[in-house]
1. Can you check what the net charge comes to around Leu80, using other residues whose Cβ is under 14 Å from the Cβ of Leu80 (Lys, Arg +1; Asp, Glu -1)?
2. Please list the radius of gyration and Dmax for region 65-145, considering alpha-carbon atoms only, with Å as the unit.
3. Just want the answer: with Cβ charges of +1 for Lys and Arg and -1 for Asp and Glu, which residue in Ile73, Trp5, Phe28 is farthest toward the dipole's positive end in the chain?
4. Rounded to a whole number of µm²/s, how large is the Stokes-Einstein D of region 1-118 at 37 °C and 0.692 mPa s, given Rh as the Kirkwood radius over C-alpha pairs?
5. For region 2-56, count all C-alpha to C-alpha pairs, find those more than 15 Å apart, and express that count as a whole percent of the total.
6. With a 10 Å Cβ neighbour count serving as the proxy for reagent exposure, in which order, fewest first, do Phe94, Phe115 appear?
7. Distance between Cα centroids, region 74-100 to region 3-37: provide it in whole Å.
8. Tell me the trypsin sites (Lys or Arg not before Pro) within region 1-78 that lie in a loop according to DSSP and have at most 10 other beta-carbon atoms within 10 Å.
Amino acid sequence: MTYDWELTNTTTGEKRTLSGPCQDNYDFIHPGVWIVRLTITDSIGQTSTSYRQVTILAKKAYNLSVAIQGVPIDGYEPLLVSFTSTVGGGIGPFTYQWDFDDGEYSNEKHPKHLFNHIGVYTVVLTVQDTATGEIGFAQLVVHVIADPDRDHDGIVNPQDTCPDVQ
Ligand SMILES: [Ca+2]
């Protein structure tokens, strides 16, 4: 017996033909109403035809939005920042990847991070919606500046200007 399949997208007119008894892993690339026709022909040429209708929906835009905050976003080194993230839209669950721009990362939703060195850090959060694959980004800049009380004794005094203080 032979099995001939014809798939027709009634919206676009697109046609696909396939053969073989099983089509159990077929990817419909384009949305629309598809008519699936199966014709089975036996060894003496008799045929049997059946039809099914398959509706493929267009992938929706879920409008994933990502916002982040850091408290504080500037201060003396070493600076501990508490980050919070807010995700809008999408379906979820979501994955989180924070890049703190100092070689360290986190997969937490609301991480805390210690910036040990003076610098300007562009922190980027990438959120992925595991249901749709959609990706969203947010970023903010953290400024870590030198503490004028370099020896951390609680007062700014001449010793803080010495080159060898810890
Ligand atoms: Ca001091």
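Every number here is computed from the coordinates shown, using simple stated rules; none is lab data. None of these values were measured; they are calculated from a predicted model. No Cβ is skipped: glycine too gets one built from the backbone with ideal geometry, and neighbour counts run over all protein chains shown.
1. On the way: positive: Lys112; negative: Asp74, Glu77, Asp102, Glu104, Asp147.
Computed value for this residue: -4.
2. 12.9, 41
3. Positive-most Cα among the choices belongs to Trp5.
4. 168 µm²/s
5. Numbers: 689 of 1485 pairs.
Here the tail beyond 15 Å accounts for 46 percent of pairs.
6. Neighbour counts put them in this order, fewest first: Phe94, Phe115.
7. Here the answer is 45 Å between Cα centres.
8. Taking region 1-78 and a limit of 10 other Cβ atoms within 10 Å, the loop trypsin sites (Lys or Arg not before Pro) found are Lys59, Lys60.
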